[in-house]
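Chemist: After the structure tokens below, expect a handful of questions from me.
The values are calculated or read from the model by the stated rules, or taken from the named source; none is laboratory data. Every value quoted in this text rests on a predicted model; they were computed, and no experiment measured them. Cβ coordinates were reconstructed from backbone atoms using ideal geometry, including for glycine residues, and neighbour counts include every protein chain displayed.
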Amino acid sequence: MYYYRRMRFYTVWVRSQAYRGKALLTYSHDGGGVLAPGTIVQVPLQRELVPGIIDAAVTKPAFATRAIAYVSPIKSLPDATLHLLRWLREYYATTVGVATQQVLPAALPKTIPAVSDSVVNTTEQVPPPPLTAEQSAVVKHITKPDTYVLHGRTGSGKTRVYLELASQQRQAGRSSLILTPEISLTSQLARAFRSAFGDETVVVLHSQLTPKQRQTAWLQIAQTSQPLIVIGPRSALFSPVHELGLIVIDEAHEPAYKQEQAPYYQARTVASRLAELHHALLIIGSATPSINDYFLAEHRQKPILPMTALAADTGQPALTTELVDLKDRAQFSRSHYLSQPLIAAIRSALSRGEQALLYLNRRGTARVVLCERCGWQALCPHCDLPLVYHADSGRFRCHTCGFSQPMLASCPTCGNPAISFKSFGTKAVTTEVQRLFPEARVQRFDTDNKASERFEHHYEAIRNGNVNILVGTQLLAKGLDLPKLSTLGIVLADSSLYMPDFSAQERTFQLISQALGRVGRGHLAGHAVIQTYHPDSPVLQAAQAGDWDAFYANELAERQKFHFPPFYFLLKLSCRRASYQSAETAANKLKQAIASQLPEISIDGPAPAFHEKSAGKFECQLVLRSRQRQQLIAAIGLLPASGWSYDIDPINLL
């Protein structure tokens, strides 16, 4: 006896950059029952099989179709995931292949291991401390699905609020998603949540996981029927969480929440859409909210919840600060990099058994290598940018394209053996600290660390005080709560202040404020020494005083005056060619086309990109402004098929 198997047809989201279309592809399937939206499949695309997601059943098309090759036993993805994919494609003008890459892993197993609800706890569960009066008041204000800006000073206990909200959602049978901008903060958050809820409830995602570990974590989220707490970076937004009740964006001001490759999404915007789809709470937490986030909250009358009191108030003076003028070289008689007040503060902290942190947002040993006789400078042959000297490896490196070469013993132009090393980075500061404090245990943390040297692998040792002096870049200035840390040195406060970009003052205020927030958190009396060439800078003075309101008012007025976000939407268009003249010609041609078809858009440029040459190519850019974001989406549709890239809603124009 023969059974008739009905042929059905489905539109499918395919996970492959090879497919650059914006329309879903249609496939056939004769495997019996109807495939539900969200079902994960494998489909043929050109000459390979790629993962895909069923979007909807459709009628038989007029063209020939290829058959779905495999239907995965993995639980169907939530309806919200499909809605998010459709929105992502339209809002960021991206392709189906790129959008689907955000949602599906590159590979999934053919057989699905059973999800165990009986994971053995290895973390000691300790109830979190009682809510303070201020924390309790904040929690009581968060009563319904909406967007809430939690403007809490450093040390006010925002994490304790997140724990309470996650507990409420768990009791209601719903999961929570906690976003963090840096791997270095993941260990701290995971420790707090695992201590409160147990290991089986908390799933941690980050880029240092192996492919197998990432796959296991993704499957746990997709398959479990229990409420989970997922902790991870911006990409965790696309995790297949089925009953999502809470989304937290911790340290929400951080630029790491902006995706710097297609589809160039901003995590806060995606989180807002995801929260709407799940009818979930969205908490935007920061001591220094972004100008855009705060303005939008005010404009849309979203709740802004201040937290001003220290959670661990011991009655000690929270923080004392002093500015040291880097132009006053009499203050630097013992060290070229560290002033007398900073050296004295470090020595005092060590004598009390406390920790010190030295913050400098520059990697390497020397950032400018030149010959003072003929003017030769060590530049990258591919990018025309200064090579950075790394003394530990004895090599020059380009921090843009990765080019490296051995250190030169003499000038290649005139033969001068006395090459000068100007400016300095974290490696030079580390060497100096080891010279000044030979008895101290010193550790450096930046993106030059080897895998085994990364902060997350040493978090417990640092928290317990086994490192006396920490030296690092901005990854140490974000959200860390180290109870033995009492002294901070900001070695050069001006490194981002005079960057040629509209975001420079905001970024400087955030970095200095966040660095200052690592000390004076209520555990110990805090002391900070800020070294600067511009002690009279209003931005530095506002950060030193913790006066966010004054900074916000001044910066908002500047943004409005010069037509920057949040008053205008921005689109950056970049053209790469073998010569700058060719890139500029192409940019002028596109500018004319956009101006003729979309006259309401304001266009700046063409102009050289901040990094004009990269990996042997020259880059020219156009900057488009409009009060209507849809106008900029239309401009993206006018881009040539190749040689151009775009960034919608860029956080800077560098």
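Chemist: Of everything in region 572-597, what is surrounded by 18 or more Cβ atoms within 10 Å (Cβ to Cβ) and touching a helix residue (DSSP H, G or I) at 6+ places or on another chain (Cβ under 6 Å)? Give them in sequence order.
Modeler: Passing the criteria: Cys575, Ile594.
Chemist: What strands (runs of 3 or more DSSP E) completely inside region 549-654 contain at least 1 residues that are on the phi > 0 side of the Ramachandran plot?
Modeler: On the way: elements: 569-577, 602-614, 617-626, 644-648.
Output list reads 602-614.
Chemist: When Ser614 is evaluated against the numbered criteria (1) modelled with pLDDT under 95; (2) farther than 25 Å from Gly21 by Cα; (3) out of contact with any strand residue (DSSP E or B) (no Cβ under 6 Å at 6 or more places or on another chain); (4) surrounded by fewer than 17 Cβ atoms within 10 Å (Cβ to Cβ), which criterion, by number, is the only one it fails?
Modeler: Status for Ser614: all satisfied but (4).
Chemist: Pick out the one residue from Ile601, Ile594 that is modelled with pLDDT of 95 or more, within 30 Å of Glu506 (Cα to Cα) and not assigned by TED's automatic domain parsing to the domain that holds Pro263.
Modeler: So the residue among Ile601, Ile594 that is modelled with pLDDT of 95 or more, within 30 Å of Glu506 (Cα to Cα) and not assigned by TED's automatic domain parsing to the domain that holds Pro263 is Ile601.
Chemist: Based on this model, can you work out whether Leu49 counts as part of a helix (DSSP H, G or I) and either among the hydroxyl-bearing types (Ser, Thr, Tyr) or not assigned by TED's automatic domain parsing to the domain that holds Leu632 (or both)? So that I can check it myself, show each step before the final result.
Modeler: On the way: part of a helix (DSSP H, G or I): no; either among the hydroxyl-bearing types (Ser, Thr, Tyr) or not assigned by TED's automatic domain parsing to the domain that holds Leu632 (or both): yes.
No, not satisfied.
Residues checked against (1) in contact (Cβ under 8 Å) with a residue 24 or more places away in the chain; (2) surrounded by 21 or more Cβ atoms within 10 Å (Cβ to Cβ):
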| position | (1), (2) |
| --- | --- |
| Leu131 | yes, no |
| Glu134 | yes, no |
| Val138 | yes, yes |
| His151 | yes, yes |
| Leu179 | yes, yes |
| Ser207 | yes, no |
| Thr210 | no, no |
| Thr224 | yes, no |
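Chemist: Filter region 226-237 down to residues that are in a helix (DSSP H, G or I), out of contact with any strand residue (DSSP E or B) (no Cβ under 6 Å at 6 or more places or on another chain) and surrounded by 22 or more Cβ atoms within 10 Å (Cβ to Cβ) and give me whichever is modelled with the highest pLDDT.
Modeler: At the first step, the residues of region 226-237 found to be in a helix (DSSP H, G or I) are 234-237.
Those still in the list that are out of contact with any strand residue (DSSP E or B) (no Cβ under 6 Å at 6 or more places or on another chain) too: 234-235, 237.
Within this subset, residues satisfying the condition of being surrounded by 22 or more Cβ atoms within 10 Å (Cβ to Cβ) are 234, 237.
On the way: Arg234: 93, Leu237: 96.
The residue in question is Leu237.
Chemist: Condition first: outside any helix (DSSP H, G or I) and either of a type in the set (D, E, K, R) or out of contact with any Ser or Thr (no Cβ under 7 Å at 6 or more places or on another chain) (or both). Now tell me which residues in region 504-527 satisfy that.
Modeler: Residues of region 504-527 that are outside any helix (DSSP H, G or I), as a first pass: 517-527.
Of everything in region 504-527, those that are outside any helix (DSSP H, G or I) and either of a type in the set (D, E, K, R) or out of contact with any Ser or Thr (no Cβ under 7 Å at 6 or more places or on another chain) (or both) turn out to be Arg518, Gly520, Arg521, His523.
Chemist: Among (1) within 25 Å of Asn652 (Cβ to Cβ); (2) surrounded by fewer than 24 Cβ atoms within 10 Å (Cβ to Cβ), where does Gly517 come up short?
Modeler: Tallying (1) within 25 Å of Asn652 (Cβ to Cβ); (2) surrounded by fewer than 24 Cβ atoms within 10 Å (Cβ to Cβ), Gly517 fails exactly one: (2).
Chemist: Still on this model: Would you call Arg86 free of Cβ contacts under 8 Å to residues at least 60 places away in the same chain, among the basic types (Lys, Arg) and under 30 Å from Asp647 (Cβ atoms)? Walk me through how you get there before you give the answer.
Modeler: Values: free of Cβ contacts under 8 Å to residues at least 60 places away in the same chain: yes; among the basic types (Lys, Arg): yes; under 30 Å from Asp647 (Cβ atoms): yes.
Yes; evaluated as a whole, the condition is true for this residue.
Chemist: Just checking, which of Glu134, Glu200 is in a helix (DSSP H, G or I), among the acidic types (Asp, Glu) and under 29 Å from Ile512 (Cα atoms)?
Modeler: Details: Glu200 fails: under 29 Å from Ile512 (Cα atoms).
The unique qualifying residue is Glu134.
Chemist: Checking His242 against (1) modelled with pLDDT of 90 or more; (2) touching a strand residue (DSSP E or B) at 6+ places or on another chain (Cβ under 6 Å): exactly one of these is not met. Which one?
Modeler: With (1) modelled with pLDDT of 90 or more; (2) touching a strand residue (DSSP E or B) at 6+ places or on another chain (Cβ under 6 Å) applied to His242, the lone miss is (2).
For every residue, the table says whether it meets (1) closer than 26 Å to Lys258 by Cα; (2) touching a residue at least 24 places away in the same chain (Cβ under 8 Å).
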site	(1), (2)
Tyr580	no, yes
Asp604	yes, no
Ala607	yes, no
Lys617	yes, yes
Ile636	yes, yes
Gly643	yes, yes
Ile651	yes, yes
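Chemist: Of the residues that make up region 23-39, is at least one within 22 Å of Thr95 (Cα to Cα), of a type in the set (D, E, K, R) and not in a strand (DSSP E or B)?
Modeler: No, the conditions are met nowhere in region 23-39.
Chemist: Now a separate question. Quick check, is Ala345 at pLDDT 75 or above, surrounded by 17 or more Cβ atoms within 10 Å (Cβ to Cβ), touching a Pro at 6+ places or on another chain (Cβ under 9 Å) and closer than 27 Å to Ala493 by Cβ?
Modeler: Working: at pLDDT 75 or above: yes; surrounded by 17 or more Cβ atoms within 10 Å (Cβ to Cβ): yes; touching a Pro at 6+ places or on another chain (Cβ under 9 Å): no; closer than 27 Å to Ala493 by Cβ: yes.
So Ala345 does not fit the description; no.
Chemist: In region 333-342, what residues are modelled with pLDDT of 90 or more and surrounded by fewer than 18 Cβ atoms within 10 Å (Cβ to Cβ)?
Modeler: Residues of region 333-342 modelled with pLDDT of 90 or more: 333-335, 338-342.
Hits for region 333-342 are Ser333, Arg334, Ser335, Gln340, Pro341.
Chemist: Read through the list (1) in a helix (DSSP H, G or I); (2) at positive phi, then give the number of the only condition that Arg170 fails.
Modeler: (2)
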